[in-house]
Structure formats: structure tokens, C-alpha cells
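Below is one structure, written out as C-alpha cells; comments come after it.
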Amino acid sequence: MIAPRLTDGVVTLRPPDERDLDAIELGIHDPDVARWFGQPSGSAADVLALNRSRWAHGSPTLSICEAGEVCIGHVWVNLGTEDPAIGYLGYWLLPAARGRGLATRAVRLISGWALRELGIDRLQLLAEPANEPSQGVAERSGFRRVGLIPGNSAIGGRIVDQVVFELPPEASIGG
């Protein structure tokens with residue numbers, strides 16, 4: 001799979017690299033990121049290596065960048081293990097980048113690309129019921145709430161429910 005560089009003129013998505021290590025370090029230690037994804041056991045370099053490994057298996061992670069290609073977060077699509085025709089989208093932003101519509105722009109960009117390039121039929125997004133900002137990003141990006149899965153995941157030693165969002169086939173997504 002060829003690593004894309006996607007942009008809408010405000011945000012740019014590109015493969016993560018060593019210049020992103022400071023942003024990754026801030027992200028993995030941000031209390032909000034850790035709350036929703038759990039605390040990684042490794043370093044920023046370990047996270048970068050993991051992202052590169054996932055690329056090799058068809059699950060891309062891209063850095064979300066503003067002007068000058070400065071990394072402000074990550075967005076990714078993990079292919080389903082039970083059904084590889086389903087992609088699961090996730091994202092995080094550094095605190096200074098939140099609330100400005102940048103996650104919505106990034107989700108729209110990667111969604112269009114993923115549906116065209118990854119050979120998936122459906123794109124889903126999972127968020128905890130209490131993670132209202134993430135649910136807002138999903139809805140503003142064209143995803144529709146389709147259900148709730150009780151006790152679907154364990155994050156940071158706690159069992160969590162997850163709201164399921166799905167991008168309808170007729171959705172018009174950029175990228």
C-alpha cells in the first residue's frame with residue numbers, strides 16, 4: 001500500500017515519522033488520550049514503530065498536521081480481524097488542537113481514502129458513551145450512530161461500553 005499524503009488545505013495527513021516523536025510523546029501522556037485509549041506501556045518511539053508495523057499489515061496510521069506539517073495528532077484505520085471488509089477508524093489530537101474542527105477534517109480525509117484504497121466495504125467508529133467530543137466528530141464527519149455494544153472493550157483496566165457509528169455508503173466524503 002502506498003502511503004498517502006492527503007490535504008484539504010487546512011490539515012494534512014501524512015505517514016508518521018521521527019519529526020512527530022515530541023507530539024506522540026505529548027499525546028500518549030495526555031490525560032484525555034489515556035482516558036479513552038489507555039496508557040501505552042512503551043515510549044513515543046515504540047508507538048511510532050507499532051504504527052509502522054500496522055502499515056505493513058494494511059492498517060494505516062497517519063499524522064494529522066497543520067501548517068508546516070507540524071504533527072498535532074493521529075488518525076488511523078484498523079482492519080477488522082473477524083471481518084476484514086470493515087475498517088475501524090480512530091483518532092486523537094493534542095489539547096491545543098482540539099475544538100477547531102481539525103479532527104473532523106482529518107476523519108473526512110482518511111474516510112474517503114480508506115473506502116477507495118483499502119478494499120473495505122464499511123467504515124465504523126467506536127466511542128465511549130461519555131466521550132461526547134468524539135461522538136460529535138463522528139456525526140460531523142457523516143457517520144451515523146447505529147448502536148451500543150455493552151462491555152465491548154477493556155481500557156485502562158475498566159470494562160467500557162462503546163457507541164457504534166458507521167459511515168453510510170451514500171455519504172459524501174472528501175479525500
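Nothing in this text is a laboratory measurement; each read-out follows from the coordinates by a stated rule. For clarity, every value in this text was computed on a predicted model and none was experimentally measured. Glycine gets a Cβ as well: all are built from the backbone with ideal geometry, and neighbour counts include every protein chain shown.
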Check: Pulled fully out, how much extra length does the chain show between Ala154 and Arg52, if you take 0.36 nm times their separation in residues and subtract their Cα-Cα distance?
Finding: 34.3 nm
Next item on the list: Could you pull out the longest piece of the chain with no exposed loop GluC sites (Glu not before Pro) in it, calling a site exposed if DSSP puts it outside H, G, I, E, B and it has at most 12 other Cβ atoms within 10 Å?
Entry: 83-169
Item checked: Within the stretch 6-124: Cβ-based charge dipole about Cα centre, in debye rounded to nearest 20 (Lys, Arg +1; Asp, Glu -1) -> 320
Next item on the list: In Å and from the alpha-carbon atoms only, list the Rg and Dmax of the stretch 43-103.
Entry: 12.9, 39
Note to self: Could you sort the peptides 126-133, 146-153, 91-98 by per-residue average Cβ neighbour count (10 Å cutoff), highest mean leading?
What the structure shows: 91-98, 126-133, 146-153
Notebook entry, point to check: Going out from 0 in 10 Å bins, what whole percent of all Cα-Cα distances in the chain drops into each bin?
Noted result: 10, 40, 41, 9, 0
Checklist line | CD proxy at 222 nm, helix term only [per DSSP H run n ≥ 4: -39500 (n - 2.57); per residue of the chain; nearest 500] | finding: -9500 deg cm²/dmol
Check: Between Asp83 and Glu117, what is the label-to-label distance in nm when each label sits 7 Å out along the Cα-to-Cβ direction?
Finding: 2.5
Next item on the list: Output the peptides 73-79, 35-41, 99-105 sorted from most to least packed, where packing is the average of other Cβ atoms within 10 Å over each peptide's residues.
Entry: 73-79, 99-105, 35-41
Next item on the list: Let me have the relative contact order for the chain, percent, based on Cα pairs under 8 Å that are six or more residues apart.
Entry: 20
